[in-house]
There are 2 protein chains.
Amino acid sequence: MSEEGLFSISELATMFDISSRTIRYYEEVGMLTPETRDRLSKQRSYTNQERRRLKMILRGKKLGFSLQEIKEMIEMYEANPEGAEEKQAIIRHADRKIQDINEQILQLQILRDEIVAHKERYIQKSDSNEMDKDKNKNL
Amino acid sequence: MSEEGLFSISELATMFDISSRTIRYYEEVGMLTPETRDRLSKQRSYTNQERRRLKMILRGKKLGFSLQEIKEMIEMYEANPEGAEEKQAIIRHADRKIQDINEQILQLQILRDEIVAHKERYIQKSDSNEMDKDKNKNL
DNA sequence: TATTAAGTTTACGAAAACGTCAACTTGGAG
DNA sequence: CTCCAAGTTGACGTTTTCGTAAACTTAATA
């Protein structure tokens, strides 16, 4: 066990069920920088900070965002701006993201409701016996 | 103007702000079949049915689904099964999709709330004057 | 009718997001 | 010390989702 809170690349890989190659790729495109490279072994090791970053990346992917979008969101998250203008810019960026996500949630709700409706109509058309045994399961 | 409800490929393209190539590609992979090909001009024309299909495809894309996933959903939508088993299979498929979407909505809500929280903390840290002029804008 | 605009097929190209293979170094078990 | 698993850096391959160009046909407009 490493000294509490340091992970090897394969530890992270199995932990999140991805490949080491994927992790190196995220580094390659500048989304995951393991500052702690053993300078003689050249081996990467990751702190909890980077583990959380990876988690964010994978969640973003599951939600359908591109790596570029995720990168921007993370940068927004970890920004440490100077002037008030930069701060305002970041806040505006956050607002845009929030609006985007709200819109996305709305669209997903519409899609879900359509599928639910379709399913209901489908059950109606179905052999009218043995239904109503699993209704109101969704939402 | 075509006879009410028939669109050319470029009409659809400009209508949805995509390229004709994209539409042909969707046909190429079997997601959008303009049955109405003029057999001497070979030109594609699309009915409202296909316009709606294209709309579904594009909405799915905006939500981060792959074309393959969208294809499956559309097939589920337009399926016309025979036996009761097939019907049950489709209903189960719908249920899985609904669960997936619910999960996705949940994750998006969590992400949004995180961003909102981050923004709030950010505003606190910010120059403490001239704030509270646009709070409670989201949700 | 003579251009010109739009449509068609075929083919090659490209970016994103990795997979895979090679050739090499390193670190730990025996 | 030896040996194998694990890690490293390239480099090339692959799939998805179209873009772009060529070569040609059809439609529309002056």
Leading residue by the ranking (farthest from the other protein chains (Cβ to nearest Cβ)) among those in region A:34-53 that are more than 11 Å from DNA strand C (Cβ to nearest atom) and of a type in the set (D, E, K, R): A:Arg37
Find the residue count for region B:68-86, including only residues that are small (Gly, Ala, Ser) and within 16 Å of DNA strand D (Cβ to nearest atom). 0
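With A:Met56, A:Met73, A:Met31 as the choices, which residue is under 27 Å from B:Gln68 (Cβ atoms), within 11 Å of DNA strand C (Cβ to nearest atom) and surrounded by 16 or more Cβ atoms within 10 Å (Cβ to Cβ)?
A:Met31
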Based on this model, can you work out whether A:Ile9 counts as in contact with a strand residue (DSSP E or B) (Cβ under 6 Å, 6 or more places away or on another chain) and free of Cβ contacts under 8 Å to residues at least 40 places away in the same chain? yes
Sole exception among (1) within 12 Å of DNA strand C (Cβ to nearest atom); (2) surrounded by 14 or more Cβ atoms within 10 Å (Cβ to Cβ); (3) assigned to a helix (DSSP H, G or I) for A:Ile18, by number: (3)
Where a residue in region B:26-43 is free of Cβ contacts under 8 Å to residues at least 12 places away in the same chain and its partner, wherever it lies, is within 8 Å of DNA strand C (Cβ to nearest atom) and not acidic (Asp, Glu), with Cβ under 6 Å and at least six apart: B:Arg37/B:Arg44
Can you name the residue in region A:59-92 that is modelled with pLDDT of 90 or more and in a loop (DSSP other than H, G, I, E, B) and, of all such residues, is farthest from the other protein chains (Cβ to nearest Cβ)? A:Ser66
Among what's in region A:34-53 and is surrounded by fewer than 16 Cβ atoms within 10 Å (Cβ to Cβ) and within 15 Å of A:Ile74 (Cβ to Cβ), pick the residue that is nearest to DNA strand D (Cβ to nearest atom). A:Gln49
Of B:Asp113, B:Asp95, which residue is in contact with a helix residue (DSSP H, G or I) (Cβ under 9 Å, 6 or more places away or on another chain), acidic (Asp, Glu) and part of a helix (DSSP H, G or I)? B:Asp95
Out of region B:93-114, which residues are under 21 Å from A:Ala117 (Cα atoms), at the interface with chain A (Cβ under 9 Å from one of its Cβ atoms) and of a type in the set (Lys, Arg)? B:Lys97
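The values are calculated or read from the model by the stated rules, or taken from the named source; none is laboratory data. Since the structure is predicted, the reported quantities are computational estimates derived from the model, not experimental observations. Cβ atoms come from the backbone with ideal geometry, glycine included; neighbour counts cover every protein chain shown.
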